[in-house]
Amino acid sequence: MSGKLLFSAAADVRRLWNYVSLRDVVSGQKEVSLLTSAAARQTGWRFVFALVVVFIFAQPIRAANIIIVNRDGPDEGLNDPTPVAPVGGNPGTTIGQQRLNVFQRGAEFWGARLVSSVPIRVAAQFNSLSCTANAGTLGSAGPVTLFRDFAGAPVAKTYYASALANALAGTDLDPAADDIDATFNSDVGT
Ligand SMILES: [Ca+2]
């Protein structure tokens with residue numbers, strides 16, 4: 001929980017509190033002493049603060065489910081059966097499994113930080129890309145599809161990458177397609 005969030009929530013509650021107090025006085029439903037009694041306000045603020053704390057901790061975990069879709073063929077890339085020893089906390093015992101574990105770790109890292117009710121499908125593969133002894137392409141990734149003018153789009157006539165468009169729409173705008181295509185260089189380290 002950030003201090004900024006708590007401050008913002010408290011400010012909103014205070015505006016609501018002031019509004020309710022003013023409304024009650026104008027309508028004559030409550031005594032004016034509600035506004036002027038320090039003891040009443042203090043008790044009220046304790047109650048409001050408790051409500052804010054309960055509200056914040058009752059919120060669901062903000063996250064997204066990122067699914068790694070293995071697009072490699074048999075015995076290559078993410079399916080490379082070459083035996084290797086576990087290294088750097090990666091328990092995989094083949095090159096392919098270690099590569100997949102890295103993808104999965106990245107998916108979990110970003111999944112915990114992004115917000116979407118729609119699963120994000122990442123088509124993942126390792127292929128031979130540009131590589132020399134001194135330089136090379138590590139990899140690249142990008143959206144598979146773009147959408148615009150869908151229900152929930154914040155700005156008209158503007159394209160959004162599919163994962164973002166799905167999150168804003170609250171539904172999968174193209175369930176048959178992956179959202180992100182990621183290719184990393186199978187020649188690095190060989
Ligand atoms: Ca491949």
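Values in this text are rule-based calculations from the coordinates and carry no lab data. Quick caveat, the model's predicted, so the values are computed rather than measured. No Cβ is skipped: glycine too gets one built from the backbone with ideal geometry, and neighbour counts run over all protein chains shown.
Answer with one residue from P81, V118, A177: the one whose Cα lies farthest towards the positive end of the charge dipole of segment 66-185, charges on Cβ with Lys, Arg +1 and Asp, Glu -1. Of the listed residues, the answer is V118.
Which of V188, V102, V115 comes first, and how do the rest follow, when ranked by fewest Cβ neighbours within 10 Å? Show your work: numbers first, answer last.
Details: V188 13, V102 17, V115 10.
Least to most surrounded, the residues fall as V115, V188, V102.
Calculate the tail of P(r) for segment 105-190: the fraction of all Cα-Cα distances greater than 22 Å, expressed in %. Result: 39 percent of Cα pairs exceed 22 Å.
The fewest-to-most ranking of S130, S116 by surrounding Cβ atoms within 10 Å reads S130, S116. Placing unit charges on the Cβ atoms only, positive for Lys and Arg and negative for Asp and Glu, gives segment 101-190 a dipole magnitude near 220 debye about its Cα centre.
Modelled label positions at A177 and T158, each set 7 Å beyond Cα in the direction of Cβ, lie 2.0 nm from each other.
Highest mean first, what order results for 80-92, 156-168 on Cβ atoms within 10 Å? List each step's numbers first, then the result.
On the way: 80-92: 11.1, 156-168: 17.7.
The most tightly packed comes first, giving 156-168, 80-92.
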